[in-house]
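The values are calculated or read from the model by the stated rules, or taken from the named source; none is laboratory data. Not measured: the values here are computed from a predicted model. Note that we place each Cβ from the backbone using ideal geometry, even for glycine, and neighbour counts take in every protein chain shown. Ligands, DNA and RNA are stripped out before the accessible areas are found, and what is left, the full protein with its side chains, is counted by its heavy atoms. Shrake-Rupley method; radii C 1.70, N 1.55, O 1.52, S 1.80 Å.
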Amino acid sequence: MKSSPHAHSTDEQHTVHATDPDSGREPVWDAGRGPGGAGDTGRAADRDPGPGESPAVSSAVSSAVSSAESGRTWPAVSVVMPVLNEERHLADAVRRILSQDYPGELELVLAIGPSRDRTEEIAQQLAAEDPRVVVVPNPTGRTPQGLNIAIKASQYSIIVRVDGHSLLPPDYVRVAVETMEETGADNVGGIMAAEGITPFEKAVARAMTSKIGVGNARFHTGGEPGDVETVYLGTFRRSALERVGGYDETFVRAQDWEMNHRIRQTGGRIYFTPRMRVTYRPRPNLRALAKQYYHTGRWRRVVGREHQGTLSLRYLAPPMAVLAMAAGAVAGALGFWPGWLVPGAYAAGIVVGAVVEGRGLPVSAWVRLPLVFATMHISWGVGFLTSPPGLGQASTAKS
């Protein structure tokens, strides 16, 4: 069975209605401000001298950057990362960003939510070690708000979104900028390369990169480069974010898909390239996985309500399967034994799917794969079916 791709947001972090010129929403940042605003060129050669750095040294550094790649000048880049309870992965994620082989200027803005672990302490230590790291508070701890706060605090004209549990390869930013310049796209992204450590995480990673687990979205399963509806994370032109007013903070989940939809509605392009790969760490246990997919299903239905006509068959497959299995089970319990064939056929299907998709996995991971498939499909479907009509409205408390 093909399930819809889950919207790739970070845990329980959310965003505000940012500005859409036709919606009457308030802007979440000042497009006309100094560095990074509408007038910012984002060029490394235009940067101000750093602390204690003379203009001559600054010019020499900029010239060195500009002369790299046969005299090419690379645009300056701001990496933004909303972070909540990421003690386990934050240091590795940040070091991957700071060690990029990108020839231009680069900064990293961390929007830190009220974490229950040592996340803030680690973030402050990383900022003390490297002046390119800026830490700003995100009082709500929600992803959309954190993204808008980090973008507002950033300087440059190209914005790279990263999550606290995502690990970038060394050429990620370079490839993103090259792809953006070659295609003229407003947002470019690549493959969400899920990789697990424990047997359970390895099973989830395999499910998240298979069509049986998540459908045919290219950012999950790969494919040819080209225009798409959405991508994982994304590298944006600041001008595109300002045009649509940033992330809509009423979307607790699915905010990436919703943002990319508005960019496309205003004439922008979203472009996928398999050259960009981000290592993603899956949820560590069954409960966390079920919660992730349940809430993603709820919020994908909210996107469908707000943007009519965006729900394709692949998004409807999980809830339809849940309804069919529930009806079959009820019929079977009432004495119509053929009703049990429906949930039985689904169970057989995911076992066969696990045999096909689980090739190469350790036995300890393979035996968990059917349960992982079922958890992803059923949690997403139940979340979609039970999504309340008021979810996503500005006056509704988010969960």
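List of remarks:
- Put a plus charge on the Cβ of each Lys and Arg, a minus charge on the Cβ of each Asp and Glu, and nothing anywhere else: the dipole of region 241-399 about its Cα centre is then about 380 debye.
- Residue-level accessible surface for Leu323, protein heavy atoms, 1.4 Å, Å²: 100 Å²
- Gyration tensor (alpha-carbon) shape descriptor, region 240-375, a/c threshold 1.5: oblate
- The charge dipole of region 203-271, taken about the Cα centre with unit charges on the Cβ atoms of Lys, Arg (+1) and Asp, Glu (-1), comes to about 140 debye, rounded to the nearest 20.
- Val330 accessible area, 1.4 Å probe, all protein chains in place, Å² to nearest 10: 80 Å²
- Counted charge near Glu121, where neighbours are those whose Cβ lies closer than 15 Å (Asp, Glu -1; Lys, Arg +1): -2
- Region 93-199 shape via C-alpha gyration tensor axes, a/c threshold 1.5: prolate
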